[in-house]
Each structure stands twice: as C-alpha cells, then as structure tokens.
1. Could we say that LEU94 is at pLDDT below 90 and either touching a Cys at 6+ places or on another chain (Cβ under 8 Å) or crowded, with 18+ Cβ neighbours inside 10 Å (or both) here?
2. Residues LEU67, LEU87, LEU82: which one is touching a strand residue (DSSP E or B) at 6+ places or on another chain (Cβ under 9 Å), at pLDDT below 90 and either within 16 Å of GLU11 (Cα to Cα) or exposed (fewer than 15 other Cβ atoms within 10 Å of the Cβ) (or both)?
3. Looking at VAL66, VAL53, VAL88, which is the one that is closer than 14 Å to VAL7 by Cβ and within 14 Å of the chain's Cα centre (by Cα)?
4. Please work out if GLN99 is among the polar types (S, T, N, Q) and surrounded by fewer than 16 Cβ atoms within 10 Å (Cβ to Cβ).
5. Yes or no: VAL88 within 23 Å of ILE41 (Cα to Cα) and among the hydrophobic types (A, V, I, L, M, F, W, C)?
6. Any residue at all in the stretch 39-60 that is part of a helix (DSSP H, G or I), in contact with a helix residue (DSSP H, G or I) (Cβ under 8 Å, 6 or more places away or on another chain) and either surrounded by fewer than 19 Cβ atoms within 10 Å (Cβ to Cβ) or of a type in the set (Asp, Glu) (or both)?
7. State all residues of the stretch 19-38 that are part of a helix (DSSP H, G or I) and within 17 Å of the chain's Cα centre (by Cα); if no residue qualifies, say none.
8. Considering each of VAL10, VAL31 in turn, give the residue that is in contact with a Gly (Cβ under 8 Å, 6 or more places away or on another chain), modelled with pLDDT of 95 or more and either crowded, with 18+ Cβ neighbours inside 10 Å or under 22 Å from LEU132 (Cα atoms) (or both).
Amino acid sequence: MEAPKRVLVVEDERAIQQVLCFFLERNGFEVHGVFNGQDAIRVIPELLPDLIVLDLMMRPVSGWEVLEWLHAHQLTPAIPVLVLSALVNLKQQLHGFEQGAVEYITKPTQPSMIVERVRALLAMSNEQRLTLQHQRLDEQRKTLERIYATQPDEFVY
C-alpha cells in the first residue's frame, strides 16, 4: 500500500488552517500545518512535502518569499504549489504563476474544492503540472491584455 501524500498547509489564519488540515486529513493525506513562511522554509527540507498549499499574505515571511525560496532551491515544479489567497488582482495572480505556483485559488472557497485540486495536482506528472502552469500563465496574460486593450468608448451604457 502506498504511503499517504504529504501536504504542507502554510496559512496564518488559524481557523482556515484547521479546516483545510481537517478536510485534507479526512481525505487520506498526511497533513502538516505552519502559520508563516519562515516556518515553511524551515520545515520544507526535512518534510519534503508532495504539495504545498500556500497563503501569500503572512508575516514575518510572506508566501511570495516562500515561492522565491522554492525557486532558488529548485524545488518547484517537483513540489507543486497551490496558492490559496485573498489577493484577487489578476496581476498578482499572474505573478504567482510566474513565481512557480501551479494553481491559484482565491479565498473564500469551499474546502472540498481545495481537496479536489490537491488530488488532481498530485495525480499529474511534473511535465503535466508544468504544462498546466504555462496554460494558466497564458490565460492570465491574455485576460490582462484584453482588459488593457479595451477602450472606454467601447462600453455601451
């Protein structure tokens, strides 16, 4: 029997972290939770999670800094990152994909949706995740291009 996949949940809001950990554990994952990026960077080398669920807005070390650290240590795409953030700005989402996130989900969302995305990402090969990341990047760039290409007089009132 295969060992359960390890998921690291990096979330500074205790209630959100508890709910995510509960749902992931109930669905057969081995789950570890930390409350900031500093702790994430400390535990990743020893834990070697199969996937990271990462909030972006944390102190003293942000999720952005965790993404940079993962990239600098060449741990992505081997360890896929699912960003779960309240940052809904399309430029921020694009930046998340550029920094190595494979998936970007905005809060609030259903915990069951996170579980399904975690399952789907873990079922993919590194190549499939890289392809997905590039598709997400292209989609975000095209959306931003359409938004910025729209002229104000094109709107009908």
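The values are calculated or read from the model by the stated rules, or taken from the named source; none is laboratory data. Just so it is clear, the structure is predicted and the values come from calculations on it, not from any experiment. FYI the Cβ positions are ideal-geometry reconstructions off the backbone, even for glycines, and counts take in every protein chain you see.
1. Considered against the rule, which asks whether it is at pLDDT below 90 and either touching a Cys at 6+ places or on another chain (Cβ under 8 Å) or crowded, with 18+ Cβ neighbours inside 10 Å (or both), LEU94 comes out as yes.
2. LEU87
3. Answer to the check: VAL53.
4. no
5. So VAL88 does not fit the description; no.
6. Yes: one or more hits.
7. Across the stretch 19-38, the qualifying residues are VAL19, LEU20, CYS21, PHE23, LEU24, GLY37, GLN38.
8. VAL10
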